[in-house]
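Q: Quick one: structure below, then a few questions.
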Amino acid sequence: MTPKQLTYFTRIAECGSFSAASKALLIAQPALSLQIANLEEELGLALFLRKPRGVELTESGSRLMPQAYGILRQIESTVLDIQSAELEPQGAVRVGMSPALNNVLAPRLAAAISARYPKIELETIGGASRYLNQQLTERKIDINLVHPDDDGMEQFSATPLLREVLFFVGSRVNKYPHIKTVGGEKCIRFADLVNYSMLSTEVHDGLGYRLKQYEIETGITLNKRRSFGQLLTDLNVILAGEAEMILPWSAIYHLANDERLVTAKVIEPTMERDVFLLTLPGQPLTNTLLKTQAMIKDLVGDIFQEGRSVGASLLEV
């Protein structure tokens, strides 16, 4: 089994046919077929089901796919590690972030990249997880920082990045008799959220999906209204006293001293959400991509140390 064979194997699976893969790889189709035939002979297994209009992975091929991506990624990473001392990161890199994380991380990442790697052209894109993940699939984004939604993340390489505590957010113009002080901290029980009109995104967005998970877990259905789709708009609606919302601290940290807001940690159960760093398994590694990912990981701890969010890093120390 060679890296060339694995590269050919993954590209055929991605393209769905030998002919499309041969064009993408700029290799004659008979030579491509021979490489795969040799790989299948070595393994003693068929990797593709040949059909009139292309191919599909066999069960064995499906098992090999993530392993092949992992081996190729490790080879690329090893080469870049060796070369990195001589390679200056440069060029465009596009990072997608959920709106709240974009609120606290994007400016710091831009400043850090500019200071350390001035030849990297960073673009950050905020949006719902489904939109960002579609952009990642289409290779219009290089890295995503999102929380899971109902589409799942099986098609991506996912690194757990951080875990954020979620808060009830309301307006001072309203009364919230269910908020109590517990251990010196303002808290509200999940069951008591039914007394309020809660703005919520849909389940194809990570925050709405997480809220739905808690409803299923507790058996409690909240009185939800559809979010307006923009964090700033939702916050204005909340400040006007027209609705409440469940948000991470990163969404409102810049308003921490705004006396118009009322916040309380949700308990019984405590509400949390995880954020993952996503890339495409078959995405070519570059020094620019690796350095940007490393910079993101370096900045994660600062989010909590500086009070821009409440929670903890999930990165292995």
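Q: May I ask you to verify whether residue 171 is closer than 30 Å to residue 66 by Cα, surrounded by 15 or more Cβ atoms within 10 Å (Cβ to Cβ) and polar (S, T, N, Q)?
A: For residue 171, the condition - closer than 30 Å to residue 66 by Cα, surrounded by 15 or more Cβ atoms within 10 Å (Cβ to Cβ) and polar (S, T, N, Q) - is not met.
Q: Does at least one position in the stretch 49-60 carry a residue that is basic (Lys, Arg) and in contact (Cβ under 8 Å) with a residue 12 or more places away in the chain?
A: yes
Q: A further question follows. Need pairs with beta-carbon distance below 7 Å; first residue closer than 11 Å to residue 153 by Cα and within the stretch 126-137, second assigned to a helix (DSSP H, G or I) and of a type outside the set (Ser, Thr, Tyr); sequence gap 6+ or separate chains.
A: Note: pairs meeting the criteria are 129/206.
Q: The conditions are (1) touching a Ser or Thr at 6+ places or on another chain (Cβ under 7 Å); (2) farther than 21 Å from residue 62 by Cβ; (3) crowded, with 17+ Cβ neighbours inside 10 Å, and residue 29 fails exactly one of them. Which is it?
A: Of the numbered conditions (1) touching a Ser or Thr at 6+ places or on another chain (Cβ under 7 Å); (2) farther than 21 Å from residue 62 by Cβ; (3) crowded, with 17+ Cβ neighbours inside 10 Å, the odd one out for residue 29 is (3).
So that you can scan it fast, the table gives a plain yes or no per residue for (1) of a type outside the set (A, V, I, L, M); (2) at pLDDT below 90:
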residue	(1), (2)
205	yes, yes
219	yes, no
229	yes, yes
235	no, no
242	yes, no
245	no, no
249	yes, no
268	yes, no
287	yes, yes
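Q: Test residue 229 against the stated conditions and say whether it is of a type outside the set (A, V, I, L, M) and either touching a strand residue (DSSP E or B) at 6+ places or on another chain (Cβ under 9 Å) or surrounded by 13 or more Cβ atoms within 10 Å (Cβ to Cβ) (or both).
A: yes
Q: Please find, within the stretch 144-160, the residue that is nearest to residue 289 (Cα to Cα) out of those that are buried (at least 21 other Cβ atoms within 10 Å of the Cβ) and hydrophobic (A, V, I, L, M, F, W, C).
A: Filtering first and then ranking leaves 145.
Q: Report those helices (runs of 4 or more DSSP H) wholly inside the stretch 201-317 carrying at least 2 residues which are in contact (Cβ under 8 Å) with a residue 40 or more places away in the chain and not assigned by TED's automatic domain parsing to the domain that holds residue 185.
A: The qualifying helices (runs of 4 or more DSSP H) are 287-305.
Q: Considering only the stretch 7-21, how many residues are under 18 Å from residue 284 (Cα atoms) and either of a type in the set (Ser, Thr, Tyr) or not assigned by TED's automatic domain parsing to the domain that holds residue 50 (or both)?
A: Here the count works out to 3.
Q: What about residue 98, is it surrounded by 20 or more Cβ atoms within 10 Å (Cβ to Cβ), out of contact with any Phe, Trp or Tyr (no Cβ under 9 Å at 6 or more places or on another chain) and among the small types (Gly, Ala, Ser)?
A: Yes: the conditions hold for residue 98.
Q: While we're looking at this one, here's another question. Could you check the stretch 57-74 and list, in sequence order, the residues that are within 18 Å of residue 17 (Cβ to Cβ) and of a type in the set (Val, Ile, Thr)?
A: Passing the criteria: only 58.
Q: Ok, one more. Which ones in the stretch 32-60 are touching a helix residue (DSSP H, G or I) at 6+ places or on another chain (Cβ under 8 Å) and assigned to a helix (DSSP H, G or I)?
A: Selection gives 32, 33, 35, 36, 38, 39, 43, 60.
The values are calculated or read from the model by the stated rules, or taken from the named source; none is laboratory data. Note that the structure is a prediction, hence the values are computed from the model and not measured. As a convention, Cβ positions derive from the backbone with ideal geometry for all residues, glycine included, and neighbour counts pool all protein chains shown.
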